[in-house]
1. Using a 1.4 angstrom probe on heavy atoms only, work out the carbon and sulfur share of the accessible area of the range 62-178 in %.
2. Need one number: nm distance between label points at Asn102 and Asn72, each 7 Å from Cα along Cα→Cβ, rounded to one decimal.
3. The range 130-178 to the range 57-117: how many Å between their Cα centroids?
Amino acid sequence: REAPVIKPSKPVIKAQQDRAQQGQPEPEPKPQQLALEEVVIISVMARDRSGFPGAALLEILLANGLRYGHRNIFHCYTGEDREDESLYSVVNIVKPGTFDLNSMDSFHTPGVSLFLTLPSPGNAMDAFESMLATARAIAEQLNGELRDDQRSVMTGQTIEHCRQRIRDFEMQSRLRAR
């Protein structure tokens, strides 16, 4: 077996000086680019094995301003019932994720996921806070528990991380617009 070939390397400072003498600019570190679209997800899982009853879930969703709409899921709209005006949406955790309004009285689900797609048609942080309030209402009224996008229990730190993701996304969006 042959010994590995080790090439001597210049110290970093010497390499920088050499580039400066040759008139080559230092490569600028690139800021970390965030995706052009981001999705923030909060799931609410039932603690009871029987799941959330459909009629009670429907009542909470409607009381929190959501409406049944396109793709057979619930949406929080900015005003008009248009797909591009949806601030956030709620899907059934069971595939295919839809709800059947005609069977809500006999329906049970182990959970729901609320999701906010960025960029948002309105204020993203306000939309997140509204989505969080809806998720908390479901959890409190139906004996559920908040979960993150990995379905781990959602803590205050996880919620703050979601807020930071939104702030980072908005800052990157403003930088891209320049």
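The values are calculated or read from the model by the stated rules, or taken from the named source; none is laboratory data. What you see is a predicted model, and the numbers here were worked out from it, not measured in a lab. Every residue, glycine as well, gets a Cβ built from its backbone with ideal geometry; the counts of neighbours run over all protein chains shown. Note: areas computed on protein heavy atoms with side chains; ligands, DNA, RNA excluded. Shrake-Rupley method; radii C 1.70, N 1.55, O 1.52, S 1.80 Å.
1. Carbon and sulfur together cover 47 percent of it.
2. 1.0 nm
3. The two parts, judged by their Cα centres, are 17 Å apart.
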